[in-house]
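The values are calculated or read from the model by the stated rules, or taken from the named source; none is laboratory data. Note that the structure is a prediction, hence the values are computed from the model and not measured. Glycine also receives a Cβ, built like all others from the backbone with ideal geometry; neighbour counts cover every protein chain displayed. Each accessible area value is taken on the protein alone, full model and side chains, heavy atoms only, with ligands, DNA and RNA left out. Shrake-Rupley method; radii C 1.70, N 1.55, O 1.52, S 1.80 Å.
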Amino acid sequence: MEDIMKVNDIIQFILQADEIECDGSSGSDIDIPIYDISPEEFLDFAENAISSGTKEGIVNAVSNLKRALDCEMDMFFECINLKRIFDKKNLKFEKKTQFLASIGLFPIRTVNKLNLMRNKLEHEYKTPEIYDLYTYYELIWSVVKILDLYLELLYINGEICLELYIENNEYYFTMKYDINECAFIFEIMDWTKGKEREQKRLNVSLKSQSDMDDFVKAFNIYLLSIQYFDYGNLNLYRKKINRLLESEMI
């Protein structure tokens, strides 16, 4: 435990476990904002505009699809208190979608296709083909639903507690996201019988660009642990956690 100093050490610690049991979870302090117009309403506006079949309707559909995605991303980042940081850094659309892909919410291929279609529809000053527009609509719809689902998971699982068994040792592992500090907190306590209850705590926050890689890894660990807590597939959990190390080696 004394060797746990950074995020990669947490990953290695999890991978050493012979068995992992889920002990409990508790809700978070996430406050989901309520906007005058929701992402779903923007999607409805876009669908109605496409159905009109007119050039004006198609142009309006593109605008409302863009608003739906921007609104959903702003809502997601505001819920986890990152919107103020991203606004301060003036991060553009591509950077936001890249971040969401990097924490495993959807494949990078989806992001690339999304960005390509958005640029094509908005910057070529010509009426898009209906086929392209429907494909764009389906992509935006999928991203909105995925982000909504993960917000629900984060709302329910503010703190997760696991029991890890490594050889003859038992450890109590808790992880949570501190919304106010924009930091992931990992705590490990040695619960092995007959041993002193040594405790280790690691905070991973996003204060500067140099923190981004560790913060993204911590976010991945947290989301993957939520999935394991809900589904209990240890082999899949290990495999996905191991990919965090493998991706660094590429």
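Checking the cross-link pairs Lys6/Lys89; Lys89/Lys207; Lys66/Lys92; Lys66/Lys126; Lys66/Lys113 against a 19 Å limit on the alpha carbon distance flags Lys6/Lys89 as lying beyond it.
Heavy-atom accessible area for Phe99, with the other protein chains in place and a 1.4 Å probe, reaches approximately 10 Å². Using the 1.4 Å probe convention, the accessible area of the chain works out to 54 Å² per residue with neighbouring protein chains retained. Zone of Leu234 (label point 7 Å along Cα→Cβ, backbone N under 12 Å): which residues in region 157-197? Backbone N within reach: 163-167.
Averaging the sequence gap over all C-alpha pairs within less than 8 Å and six or more residues apart, then dividing by the number of residues, gives region 95-250 a relative contact order of 14 percent.
I'd like the carbon and sulfur percentage of the solvent accessible area for region 65-216, probe radius 1.4 Å, heavy atoms only, ligands and nucleic acids excluded.
Taking all protein chains in place, region 65-216 shows 48 percent carbon and sulfur surface.
Length available on full extension from Asp23 to Asp178: 0.36 nm per residue minus the Cα-Cα distance, which gives 53.8 nm.
For Lys193, the aspartates and glutamates whose Cα falls under 16 Å of its own Cα, not counting residues fewer than eight places away in the same chain, are Glu163, Glu167, Glu170. Only protein heavy atoms count here; under a 1.4 Å probe, Trp141 has an accessible surface of about 110 Å².
Shown here is the pair-distance distribution of region 95-250: with all Cα-Cα distances grouped in 10 Å bins from zero up to the longest one, the shares run 9, 30, 31, 17, 8, 3, 1, 0 percent.
For the cross-link pairs Lys83/Lys217; Lys96/Lys120; Lys195/Lys239; Lys95/Lys145, the ones whose C-alpha atoms lie over 22 Å apart are Lys195/Lys239.
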